[in-house]
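Asks: Handing you this structure, nothing more for now.
The values are calculated or read from the model by the stated rules, or taken from the named source; none is laboratory data. Keep in mind that this is a model prediction, so the values were computed, not measured. Here the Cβ positions follow ideal geometry from the backbone for every residue, glycine too, while neighbour counts run over all protein chains shown. The protein model used for the area step is the full one, side chains on, heavy atoms only, and it has no ligands, DNA or RNA in it. Shrake-Rupley method; radii C 1.70, N 1.55, O 1.52, S 1.80 Å.
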Amino acid sequence: MYTIHVLKIFSKLLDSNDRAVNDIRPIVDDVNALEAKLSKLTKSEFPKQTATLQAQVQDGTKSLDDVLPTAFALVRAAAQQAIKQRPFDVQLIGGVVLHQGKIAEMRTGEGKTLVATLPTYLNALGGKGVHVVTVNDYLARRDGEWMGQIYHYLGLSIGVINHEKSYLFDPAGTNPGILEEDIEHPEEFGTGRFLKEVTRKEAYAADITYGTNNEFGFDYLRDNMVLDLAQKVQRGHHYAIVDEVDSILIDEARTPLIISAPGQEPTDKYYQFSKVVDLLESKDFQIDEKLKTANLTESGIGHVEKILGIDNLYEKDFKTLHHIEEALKAKTLFKKDVDYVVRDNEVIIVDEFTGRLMPGRRYSEGLHQAIEAKEGVTIQQESQTMATISFQNYFRMYEKLAGMTGTASTEAEEFHKIYSLEVVLVPTNQPMIRMDQADLVYKSLAGKFEAIARDIAAAHKKGQPVLVGTTSIEKNEYLGGILKKHGVPHEILNAKNNEKEAHIIARAGAVGAVTVATNLAGRGVDIKLGPGAKDLGGLYVLGSERHEARRIDNQLRGRSGLQGDPGATRFYLSLEDDIMRLFGGDAVSRVMSTFKLPEDVPIESGLVSKAIESAQTRVEGHNFDIRKQLVEYDDVMNKQRQIIYGRRDKILADVQTDPEALKKNILSKIKDEVASFVGIQTSEHGEVNFEEVLSEVQTIVPFDEKSQKNLLEQIKAAGSPEKITELLSS
């Protein structure tokens, strides 16, 4: 009965999706009807067409929906002329979904980057600016340069926001920082060749601005810390399209953005805490890998007290206990080349979902310092939070929000509950013919990796290109070592060399290519099959482990079978994999034990798939709860944030209108405050307690002893409450 109920719900969802797509098809017909006429426009005529649409939209003559067919047809014609690409009808459908403020789920290789140009151009006609959000600086530069050609052709300006610099699209390629001979592959965008460095404010003033979620969020926080409204760089939050929306609004939403200032705590103590933890025995602590917590046991507390020479750790210094447990977490739960890398004497976090480095992001509560002490690098001081916001509340500020990805449907409930975003599955341009093979489960990691190496060697021998996905840098390099022993030439791609990501991934579809990549797997860069690769079976994607989120597995699968190409995928697992060991391996383990299967013989059955999916569903639910708690907590802070930021802006605006306004306002409040405490220290007979008044003043403005005596004499000389108030207010 339960299965039938679930199938009915799923069927309803598909019916709803079909209706949403079918409602859009007449709009696509309208766009197609304009194609013949607008494709004949010359280069100089496109900006004139844009100016006409801008005037109609901005004076209210027509709505964006009214001009949509014309706008989309113009983008299609401009794309054909500027970059020799014509958006397919299914891409037009995706564009309408994005314009409607929804999430377009489109399979990898369906051209999401080009799809975004359609609603971006349309919504930019209103003159309020459109933000296109990407997952890293490279993709912001690449898409700004690549798609910038289309927007420029249409007469719009394009800005790009990166971590350290900001740019405007420059079709002349006059960027003096980039020389022709410095560009290894000048045909590839993202080099900065067609970008001109400008101020951040100029980049945001462009009609369309590309950037990362981190930079948009941090710029918002910085804008609300300025001392002059003219220093603000953003100009509001009108419309945003979030690329890889699941990565940004789901995966990264577990960690809020924080702007901080260095604290004053000494750093030597962290090395001491790290040494204390190194002396502990296994019975001294308990760890929970699922929740990533580590706590001292009774014997552990006693051992620490003995090492530190104190009687009672809880009475003596609770802060010390906290730092000891953070050092314990650093030692037992956070692994080098899995959770972080050490580069240039610095600990840099590795994003657990994408495998990319996250420079500038730091663990809080002293954990980052504990890891620095563990690795023996320079410890940076703990910081004091100056401003913070969650991604959920940042992106909910936009008047209209949309997103695109190849994998959103598994998180449709969260998108709806947190962001009020509906997910629409957009049809593929060509039928999907990729073969997704059943998982193979081995008893041990060693047995699994040997089997993976044999499978890769066999595919390589016949020339079939292979992309291998791993869950960490550590396992990435471990598999690379095994392949070396097997004599299989290969490319390694992980956070340690991710600057070569586009170059490596772009060649991963060549005959005989073997690419071993962490989860990043070149998201945003299509793997195109080289000559002859189709005849060999297309790209073979091999997952070395299941991830805790089904979406990440689906993203890896999605690298193969683009635009109707052949391809195959398979996942290899072992009972020693984290997800099997922590969440789902018991049932499979019993089967393997019952049949006494050796280490190098896999099991392949429906039971395996069900156990794994059940485990992933539980982890996804757990992670959703974490994100839900974060947003509920931040919702309270968000109300305070809106009030404070609103008051701050009003004060700064008043100062611009009347430079003396702030001074008058502050003096008025000071006078009210002084009158209040002088009144409290005045008896019903009008006698003032001069010493208590001075004491109140001291809490606001500390004075030295000599100044105190002088002020007390002045207070006594003033005499009446009214004159004392005037004296102290001045």
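Asks: Given a 1.4 Å probe, how much area per residue of the stretch 672-730 is accessible, in Å²?
Replies: Averaged over the residues of the stretch 672-730, the accessible area is 67 Å².
Asks: What is the extension gain from E613 to V226, computed as 0.36 nm multiplied by their sequence separation minus the C-alpha to C-alpha distance, in nm to one decimal?
Replies: 134.5 nm
Asks: Among the helices of the chain (complete DSSP H runs), which have Cα atoms covering no less than 30 Å along the helix axis and a Kyte-Doolittle mean of at least -1.0?
Replies: Within the chain the helices that satisfy the rule are 2-38, 606-657.
Asks: OK, next. What are the extents of the Cα atoms of the stretch 311-363 along their three principal axes, in Å, largest first?
Replies: Here the spans come out as 45, 19, 16 Å, largest first.
Asks: Work out, step by step, the length gained on full extension between E202 and A506: first 0.36 nm times the residue separation, then minus their alpha carbon distance; give nm to one decimal.
Replies: The E202-A506 span can extend by a further 106.2 nm.
Asks: Rg and Dmax in Å for the stretch 438-498, alpha carbons only: what are they?
Replies: Every Cα atom of the stretch 438-498 included, Rg and Dmax give 11.7, 32 Å.
Asks: Over all directions, average the projected area of the Cα convex hull of the stretch 604-674 and note it in nm².
Replies: 8.2
Asks: Something else now. If I model a spin label at M397 and D89 as a point 7 Å from the Cα along the Cα→Cβ vector, what separation in nanometres do I get?
Replies: 4.2
Asks: As a test of the formula, what do you get for the chain when each DSSP H run with n ≥ 4 contributes -39,500 (n - 2.57) and the sum is divided by the residue count, at 222 nm and rounded to the nearest 500 deg cm²/dmol?
Replies: After summing the helix terms and dividing by the residues of the chain, the value is -15000 deg cm²/dmol.
Asks: Working from the alpha-carbon coordinates of the stretch 253-349, get Rg over Rh, Rh being the Kirkwood radius.
Replies: Result: Rg/Rh = 0.99.
Asks: 7 Å from Cα along Cα→Cβ at both T385 and D344: what's the point-to-point distance in nm?
Replies: 2.9
Asks: Residue farthest toward the positive end of the dipole of the chain, with Cβ of Lys/Arg at +1 and Asp/Glu at -1: which of L493, S299, A203?
Replies: Value computed over the given set: L493.
Asks: Using a Förster distance of 30 angstrom, determine the FRET efficiency expected from the C-beta separation of K336 and R581, and round it to 0.05.
Replies: 0.90
Asks: Would you please state the base-10 log of I(q)/I(0) at q = 0.12, 0.15, 0.18 1/Å for the stretch 1-153, with intensities from the Debye formula using one equal scatterer on every alpha carbon?
Replies: Here log10 of I(q) over I(0) equals -0.55, -0.81, -1.11.
Asks: Averaged per residue, what accessible area in Å² does the stretch 276-430 show with a 1.4 Å probe, protein chains only?
Replies: 47
Asks: Taking amide H positions as placed in the peptide plane 1.01 Å from N, state which residues far from V514 in sequence (5 or more) or on other chains have amide H under 5 Å from it.
Replies: Close amide H contacts, sequence-distant or interchain: V466, E491.
Asks: Still on this structure, please answer the following. How high is the relative contact order of the stretch 5-155? Use alpha-carbon pairs under 8 Å, at least six apart in sequence, and give a whole percent.
Replies: Over the stretch 5-155, the number comes to 29 percent.
Asks: What is the dipole size for the chain, taken about its Cα centre, with +1 at each Lys and Arg Cβ and -1 at each Asp and Glu Cβ, in debye to the nearest 20?
Replies: Roughly 2120 debye, rounded to the nearest 20.
Asks: Tell me the carbon and sulfur percent of the accessible area for the chain, rounded to whole percent, probe radius 1.4 Å.
Replies: 52
Asks: Pairs on different chains or at least eight residues apart, Cα atoms closer than 25 Å: how many lysine pairs in the stretch 648-730 fit?
Replies: Lysine pairs, 8 or more places apart or on different chains, close enough: 16.
Asks: Another one. Please give every one of the lysines within straight-line cross-link reach of K165, meaning a C-alpha to C-alpha distance under 21 Å, and leave out same-chain neighbours fewer than 8 residues apart.
Replies: Of all the lysines, those that pass the test against K165 - Cα under 21 Å, at least 8 places apart if same chain - are K196, K201, K232, K500.
Asks: Would you pull out the residues with amide H under 5 Å of V541's amide H, same chain only if 5 or more places away, H placed 1.01 Å from N?
Replies: L467, A568, T569, R570
Asks: Something else now. Could you calculate the FRET efficiency of N710 with D311 from 1/(1 + (r/R0)^6), where r is the beta carbon distance between them and R0 is 45 Å, rounded to 0.05?
Replies: 0.35
Asks: Same structure again: The stretch 191-286: which trypsin sites (Lys or Arg not before Pro) are DSSP loop and have at most 16 other beta-carbon atoms within 10 angstrom?
Replies: Listed in order of number, the matching sites are R235.
Asks: Any idea what the alpha-carbon Rg over 2.2 N^0.38 Å comes to for the stretch 660-716?
Replies: That ratio works out to 1.25.
Asks: Please tell me the relative contact order of the chain in percent, rounded to the nearest whole number, where contacts are Cα pairs under 8 Å and at least six residues apart.
Replies: So the answer I get is 12 percent.
Asks: Let me check against my output: what whole-number percent is the relative contact order of the stretch 121-168, with C-alpha pairs under 8 Å and at least 6 apart?
Replies: That works out to 27 percent.
Asks: Once label points are set 7 Å from the Cα along Cα→Cβ at both K319 and I259, what is their separation, rounded to one decimal in nm?
Replies: Going from the K319 label point to the I259 one covers 2.6 nm.
Asks: Can you tell me how much longer the chain between V636 and L667 gets when fully stretched, taken as 0.36 nm per residue apart minus their C-alpha distance, in nm with one decimal?
Replies: Residue separation times 0.36 nm, minus the Cα-Cα distance, leaves 8.0 nm.
Asks: State, to one decimal in nm², a quarter of the convex hull surface area for the C-alpha atoms of the stretch 380-437, i.e. the direction-averaged projected area.
Replies: 8.5
Asks: Any lysines with Cα under 28 Å of the K62 Cα? List them, leaving off those in the same chain fewer than 8 positions away.
Replies: K37, K40, K43, K48, K102, K112, K128, K400
Asks: Given the stretch 400-482 reduced to its alpha-carbon atoms as identical point scatterers, what log10 I(q)/I(0) does the Debye formula return at q = 0.13, 0.18 Å⁻¹?
Replies: One equal scatterer on each Cα of the stretch 400-482 leads to -0.73, -0.94.
Asks: Report ³J(HN,Hα) in whole Hz for each residue of the stretch 198-208, in order, from the Karplus equation J = 6.51 cos²θ - 1.76 cosθ + 1.60 where θ = phi - 60°; Gly and Pro get x.
Replies: Calculated HN-Hα couplings, in order: 9, 6, 4, 5, 5, 5, 6, 6, 5, 4, 9 Hz.
Asks: For the chain, divide the Cα radius of gyration by the Kirkwood radius and give the resulting Rg/Rh value with two decimals.
Replies: 1.04
Asks: Considering every pair of different Cα atoms, what Kirkwood radius, in Å, is found for the stretch 607-730?
Replies: 19.6
Asks: Sticking with this structure for a sec: Putting +1 on Lys and Arg Cβ atoms and -1 on Asp and Glu Cβ atoms, find which of V233, Y271, I250 reaches farthest to the positive end of the dipole of the stretch 229-283.
Replies: Checking the options against the dipole of the stretch 229-283, the answer is V233.
Asks: With all protein chains present, calculate the accessible area of L421 using a 1.4 Å probe and round the result to the nearest 10 Å².
Replies: 0
Asks: Okay, next question. Take the alpha carbon atoms of the stretch 341-489, find their radius of gyration, then divide it by 2.2 N^0.38 Å using N residues; give the quotient.
Replies: So the stretch 341-489 has a normalised radius of gyration of 1.47.
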